[in-house]
Amino acid sequence: MKEEELLISSKSTKAITKVSGTKILGHKFFTITFVDAPGYSSTDDLDLWLTPIINYIEKNHVEYHSKKKDTEYKDSRVHLCLFFMKNFTEHEVKILKKIQKVTHIVPILAKVDLLTSGELNTLKKRIRRISKSENISWLDCYKISQVTFCLLRTEQ
């Protein structure tokens, strides 16, 4: 990827956008595409905000399955969602329940550097408890054998 592509913009995303780059590892080329979607605010209409995102993911899955026999076709599916959350609110639970129906979810806790270790442990326990009671499943990176990249997570 070009260095410019890795810089984080201070502007908020207004529409679903794609950024791609190629990484060479040994003799293999890997194309990585990030799809950025507008963030959610508790003042937004949940369905109005989420519907275009779900439709985008589903459209790419359908397109892939209809064209996967074509050897020149590039896989444009959304394989996972990096979901940034701060407090694991009721709105976030509703969003996650809908997103998990169309792709895997990797939770990213925002601003954890502002929490004490005790506050972080309490938040993690709360997330585990609510996830279990609401049947929210996370992508288990340790069970993936075909992925050639690594996602880091804490052991707790």
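The values are calculated or read from the model by the stated rules, or taken from the named source; none is laboratory data. Remember, it's a predicted structure, so these values are computed and weren't measured experimentally. Cβ coordinates were reconstructed from backbone atoms using ideal geometry, including for glycine residues, and neighbour counts include every protein chain displayed.
Residue by residue, here is whether (1) in the same structural domain as Phe83 (by TED's automatic domain parsing); (2) over 14 Å from the mean Cα position of the chain (by Cα); (3) crowded, with 17+ Cβ neighbours inside 10 Å holds:
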{"position": "Ile105", "(1), (2), (3)": "yes, no, yes"}
{"position": "Ile108", "(1), (2), (3)": "yes, no, no"}
{"position": "Lys111", "(1), (2), (3)": "yes, yes, no"}
{"position": "Thr116", "(1), (2), (3)": "yes, yes, no"}
{"position": "Lys125", "(1), (2), (3)": "yes, yes, no"}
{"position": "Arg128", "(1), (2), (3)": "yes, yes, no"}
{"position": "Ser133", "(1), (2), (3)": "yes, yes, no"}
>> Looking at the structure I just gave you, is Leu48 over 23 Å from Ile136 (Cβ atoms), of a type outside the set (Gly, Ala, Ser) and not assigned by TED's automatic domain parsing to the domain that holds Arg126?
In response: no
> Does Ile24 meet the test of being over 23 Å from Arg128 (Cα atoms), surrounded by 15 or more Cβ atoms within 10 Å (Cβ to Cβ), out of contact with any strand residue (DSSP E or B) (no Cβ under 7 Å at 6 or more places or on another chain) and not assigned by TED's automatic domain parsing to the domain that holds Lys125?
Replying inline: no
>> Taking the conditions exactly as written (under 21 Å from Lys132 (Cβ atoms) and part of a strand (DSSP E or B)), does Ile95 satisfy them or not?
In response: no
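Out of all the residues in the range 6-17, is one or more on the phi < 0 side of the Ramachandran plot, modelled with pLDDT under 80 and charged (D, E, K, R)?
Initially, the range 6-17 is screened for residues on the phi < 0 side of the Ramachandran plot, giving 6-17.
This time we only want the ones that are modelled with pLDDT under 80, so: 6-14.
Remaining after also requiring charged (D, E, K, R): 11, 14.
Yes; the residues of the range 6-17 include at least one that is on the phi < 0 side of the Ramachandran plot, modelled with pLDDT under 80 and charged (D, E, K, R).
Taking into account only those residues within the range 37-51 that are of a type outside the set (A, V, I, L, M, F, W, C) and surrounded by 13 or more Cβ atoms within 10 Å (Cβ to Cβ), which is modelled with the lowest pLDDT?
First, pick out the residues of the range 37-51 that are of a type outside the set (A, V, I, L, M, F, W, C): 38-45, 47, 51.
Adding the requirement that they be surrounded by 13 or more Cβ atoms within 10 Å (Cβ to Cβ) leaves 38, 40, 44.
Numbers: Pro38: 81, Tyr40: 75, Asp44: 69.
Among those residues, the one meeting the criterion is Asp44.
Filter the range 49-80 down to the residues that are acidic (Asp, Glu) and assigned to a helix (DSSP H, G or I) and list them by number. Full working, then the answer.
First pass over the range 49-80, keeping only residues acidic (Asp, Glu): 58, 63, 70, 72, 75.
Glu58, Glu63, listed by residue number.
Out of everything in the range 128-156 that is β-branched (Val, Ile, Thr) and under 27 Å from His61 (Cβ atoms), what residue ends up being modelled with the lowest pLDDT?
First, the residues of the range 128-156 that are β-branched (Val, Ile, Thr): 130, 136, 144, 147-148, 154.
Now restrict to residues that are under 27 Å from His61 (Cβ atoms): 136, 144, 147-148.
Details: Ile136: 93, Ile144: 57, Val147: 44, Thr148: 40.
Top of the filtered list is Thr148.
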